[in-house]
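Q: Sharing a structure with you now.
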Amino acid sequence: MLATSGVDKVSRAEVYLWRVVLLGAFLILWEAATRRGWVDPFFVSQPTVLAMQIADWIRTGFIFRHLVVTMQETIIGFLLGTLLGVAVGFLFAHWEKLARIFDPLMVALNAMPRVVLAPLFILWFGLGLLSKVVMVVSLVFFVVFFSTYTGIREVDRDLVNNARILGASPRHMIRHVLLPSALTWIFASLRTSVGFALIGAVVGEYLGSHEGMGYVISYAESMFNATGVLAGLLVLMAAVIAIDIGLQRLDARFSYWKPVPK
Amino acid sequence: MTQRFALPREDREFTAVQDVSFDIGGGEFVSIVGPSGCGKSTLLGLIAGLVPISAGHISLDGQPVDGVNARLGFVFQRDALFPWKTVAQNVGLPLLFRGVDAASARPRVADWIARIGLTGFERYHPHQLSGGMRKRVALAMTMVYEPQIVLMDEPFGALDVQTRNLMENDLLEIWAQSRRTVVFVTHDLEEAIALSDRIVVMTASPGRVKAVYTISLPRPRSVTEIRFHPDFGRLYETIWKDLKDEVRVGYERSRQGLAG
Ligand SMILES: Nc1ncnc2c1ncn2[C@@H]1O[C@H](COP(=O)(O)OP(=O)(O)OP(=O)(O)O)[C@@H](O)[C@H]1O
Ligand SMILES: [Mg+2]
């Protein structure tokens, strides 16, 4: 979080003002352009129509059913991927040999575009929750794995030596030195990995499922319904922003011991 | 003993200290002085059992050093506080590691925090402290578990003169009370003379023992007053003559190293 000195507050208000003004101008231009017939609303929809569509979705509860499905896949996949990533990261950092043997494999697997694998996952694990969770795990795992691995490898040697002198057992070392050090790296990549998790779930749904936000978008698309596609995207965007704010709060809670960045 | 480090990228070895040999008696306060890079920190790392020795041997109380010794304390050159722990948690950490239960650890931690003058700062994190305060926490962290042997690597190097003198006096007091063995690394000859029973002067890299001096100034000492003792100046001059040459050699060599 930014420091809230007097100067900052003023410039912050100004920033918000500019955001609102620009967004408003964009929406008005969009609305006007479609009403005057400069562009065909069939292709780009219309702000008022979009707003009505979303209001309708909320009123009928339609959107919540799909949002819940997507969030479920995202959260389950994220937790599993993080757990696996931390575990394997620890293992590899601990047994140098393991890391040396599997290094090319990890790099190759990570370089593989997971989006292209999605159809395979759907083939293997079906149209339901499982295939999406696998997709999410495959994305999240590598982000977390690499940060854990680096976090432990880059741990301050002086701290490790100090802990040894002070009498730390291997378990103490993990609990009081390695894990906290790795956590800072994991947290630094948290926004990336959560973003990946959501993308994984939505792409999985988009390519094959019968519920979730990806499905909503893909269905609207198949009906040539630009309004449906854009409304779906807007709802997703809102979800991402909400999650991001939550993560920033969480990060602030866990980095209480760090100097405040200027 | 001799310590060589492999330089994997250059496919050769670097000799940090060579044929160093000395004995330290129990309860003695010994300082090691020498030019920068002569292997003082390396030497302490070897005594602490943090790095395996290349050749020779070190023993503590007749036991060869092979790994970290629980009765030993080490105040590092760079204060190695745990940034995610508060002052109180840092000071209490060695007790936690040793399985001391929280109830009996608490008064000991509080006592040491009071002795380093940081009462009221228990819940601060290291980044909220000044450099001198961090050094003091590092000192308390080492002293709280009452190690028999204390290694100190330029513990007061980064402090202003006033704080430094205060802490030096504190150290002498603690040492006098408990009669621990202290091995104290410094590049400040005055500090070494004021504190020690003996001073080991090392040569420029690769470090060897150049000379050992016994400092028989009266105790108890106050570091600020002992400087005016008639013997102090004489000792300083003699040892400085030894040290000066080495500092110059070390400096020239590192400059040539940079040029070539
Ligand atoms: N792990 C290592 N690998 C290779 N060389 C090392 C290693 N540790 C120390 N050295 C080298 O050994 C020499 C002595 O280092 P050391 O840190 O012991 O010096 P020092 O006497 O403590 O110096 P200063 O007073 O500046 O702290 C240096 O030239 C350093 O480059
Ligand atoms: Mg050093």
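Q: Of all residues being among the charged types (D, E, K, R) and in a strand (DSSP E or B) in the range B:10-41, which is modelled with the lowest pLDDT? Just the residue, please.
A: The selected residue is B:ARG12.
Q: Return the residues of the range B:36-57 that are more than 16 Å from ligand 2 (Cβ to nearest atom) and among the small types (Gly, Ala, Ser); say none if nothing qualifies.
A: Initial filter on the range B:36-57 (more than 16 Å from ligand 2 (Cβ to nearest atom)): B:49, B:52-57.
Answer for the range B:36-57, where residues must be more than 16 Å from ligand 2 (Cβ to nearest atom) and among the small types (Gly, Ala, Ser): B:GLY49, B:SER54, B:ALA55, B:GLY56.
Q: What about A:MET213, is it surrounded by 21 or more Cβ atoms within 10 Å (Cβ to Cβ), touching a residue at least 12 places away in the same chain (Cβ under 8 Å) and in the same structural domain as A:PHE92 (by TED's automatic domain parsing)?
A: yes
Q: Here is a follow-up. Hey, can you tell me all the residues within the range B:132-154 that are within 16 Å of ligand 1 (Cβ to nearest atom), more than 11 Å from chain A (Cβ to nearest Cβ) and farther than 15 Å from B:GLY27 by Cα?
A: Scanning the range B:132-154 gives B:LYS135, B:GLU154.
Q: Return the pair list, or none, for Cβ contacts closer than 7 Å from residues in the range B:30-49 that are without any contact (Cβ under 8 Å) to a residue 40 or more places away in the chain to residues that are among the hydroxyl-bearing types (Ser, Thr, Tyr) and away from ligand 2 (no atom under 13 Å from the Cβ), at least 6 apart or on different chains.
A: Listed pairs, sorted by first residue: none to list.
Q: Against the definition (away from ligand 1 (no atom under 13 Å from the Cβ), within 26 Å of B:THR214 (Cβ to Cβ) and touching a helix residue (DSSP H, G or I) at 6+ places or on another chain (Cβ under 7 Å)), how does B:ILE24 come out, yes or no?
A: Here the answer is no, as B:ILE24 does not meet what is asked.
Q: Out of the residues in the range B:137-194 that are touching a residue at least 40 places away in the same chain (Cβ under 8 Å) and at positive phi, state the one that is farthest from ligand 2 (Cβ to nearest atom).
A: B:ARG179
Q: Could you check the range B:42-99 and list, in sequence order, the residues that are at pLDDT below 85 and at positive phi?
A: B:GLY56, B:ASP61, B:GLY62, listed by residue number.
Q: Residues being without any contact (Cβ under 8 Å) to a residue 12 or more places away in the chain and either among the polar types (S, T, N, Q) or in contact with a Lys or Arg (Cβ under 9 Å, 6 or more places away or on another chain) (or both): count how many of those fall in the range B:101-133.
A: 4
Q: Name the one entry in A:PHE102, A:PHE125 that is among the aromatic types (Phe, Trp, Tyr) and in contact with a Phe, Trp or Tyr (Cβ under 8 Å, 6 or more places away or on another chain). Spell out how you get there, then give the answer.
A: Values: A:PHE125 fails: in contact with a Phe, Trp or Tyr (Cβ under 8 Å, 6 or more places away or on another chain).
Exactly one of A:PHE102, A:PHE125 is among the aromatic types (Phe, Trp, Tyr) and in contact with a Phe, Trp or Tyr (Cβ under 8 Å, 6 or more places away or on another chain), namely A:PHE102.
Q: B:ALA194 passes all but one of (1) modelled with pLDDT under 90; (2) of a type outside the set (Val, Ile, Thr); (3) away from ligand 1 (no atom under 16 Å from the Cβ); (4) surrounded by 19 or more Cβ atoms within 10 Å (Cβ to Cβ); which number fails?
A: (1)
Q: Within the range B:155-169, work out how many residues are more than 14 Å from chain A (Cβ to nearest Cβ), modelled with pLDDT of 85 or more and within 16 Å of ligand 1 (Cβ to nearest atom). Walk me through it before giving the result.
A: Here is the first cut: in the range B:155-169, the residues more than 14 Å from chain A (Cβ to nearest Cβ) are B:156-169.
Adding the requirement that they be modelled with pLDDT of 85 or more leaves B:156, B:161-162, B:164-169.
Those still in the list that are within 16 Å of ligand 1 (Cβ to nearest atom) too: B:156.
Counting residues in the range B:155-169 that are more than 14 Å from chain A (Cβ to nearest Cβ), modelled with pLDDT of 85 or more and within 16 Å of ligand 1 (Cβ to nearest atom) gives 1.
Q: Tell me which residues, restricted to the range B:50-70, are in contact with a helix residue (DSSP H, G or I) (Cβ under 6 Å, 6 or more places away or on another chain) and either hydroxyl-bearing (Ser, Thr, Tyr) or free of Cβ contacts under 8 Å to residues at least 40 places away in the same chain (or both).
A: Result: B:LEU50, B:VAL68.
Q: In addition: Could you go through the range B:110-125 and let me know if any residue there is under 23 Å from B:SER41 (Cβ atoms) and within 11 Å of chain A (Cβ to nearest Cβ). So that I can check it myself, show each step before the final result.
A: So in the range B:110-125, the residues under 23 Å from B:SER41 (Cβ atoms) come out as none.
No, the conditions are met nowhere in the range B:110-125.
Q: Let me ask you something else. What's the number of the only condition in (1) assigned to a loop (DSSP other than H, G, I, E, B); (2) out of contact with any Asp or Glu (no Cβ under 7 Å at 6 or more places or on another chain); (3) touching a residue at least 40 places away in the same chain (Cβ under 8 Å); (4) within 9 Å of chain A (Cβ to nearest Cβ) that B:GLY73 fails to meet?
A: With (1) assigned to a loop (DSSP other than H, G, I, E, B); (2) out of contact with any Asp or Glu (no Cβ under 7 Å at 6 or more places or on another chain); (3) touching a residue at least 40 places away in the same chain (Cβ under 8 Å); (4) within 9 Å of chain A (Cβ to nearest Cβ) applied to B:GLY73, the lone miss is (1).
Q: Restricting attention to the range B:215-235, does a residue exist that is in contact with a Pro (Cβ under 7 Å, 6 or more places away or on another chain) and at negative phi?
A: no
Q: Identify all residues within the range B:34-59 that are more than 14 Å from every other protein chain (Cβ to nearest Cβ) and within 7 Å of ligand 1 (Cβ to nearest atom); write none if there are none.
A: B:GLY34, B:SER36, B:GLY37, B:CYS38, B:GLY39, B:LYS40, B:LEU43
Q: Quick one: which residue in B:ILE24, B:ILE58, B:ILE32 is within 15 Å of the chain's Cα centre (by Cα) and surrounded by fewer than 20 Cβ atoms within 10 Å (Cβ to Cβ)?
A: Exactly one residue qualifies, and that residue is B:ILE24.
Q: Identify, by number, the condition in (1) touching a residue at least 60 places away in the same chain (Cβ under 8 Å); (2) more than 23 Å from B:PHE76 (Cα to Cα); (3) buried (at least 19 other Cβ atoms within 10 Å of the Cβ); (4) among the hydrophobic types (A, V, I, L, M, F, W, C) that A:LEU178 doesn't meet.
A: Failing condition for A:LEU178: (2).
Q: Let me ask something else. Restrict the check to the range A:52-59 and report whether at least one residue is acidic (Asp, Glu), surrounded by 11 or more Cβ atoms within 10 Å (Cβ to Cβ) and either assigned by TED's automatic domain parsing to the domain that holds A:ALA231 or at pLDDT 95 or above (or both).
A: Yes, the range A:52-59 has at least one match.
Q: Out of curiosity, is B:LEU172 farther than 15 Å from B:GLY73 by Cβ, surrounded by 18 or more Cβ atoms within 10 Å (Cβ to Cβ) and within 15 Å of the chain's Cα centre (by Cα)?
A: yes
The values are calculated or read from the model by the stated rules, or taken from the named source; none is laboratory data. Just so we're clear, the structure is a prediction, and the values are computed from it rather than from any experiment. As a convention, Cβ positions derive from the backbone with ideal geometry for all residues, glycine included, and neighbour counts pool all protein chains shown.
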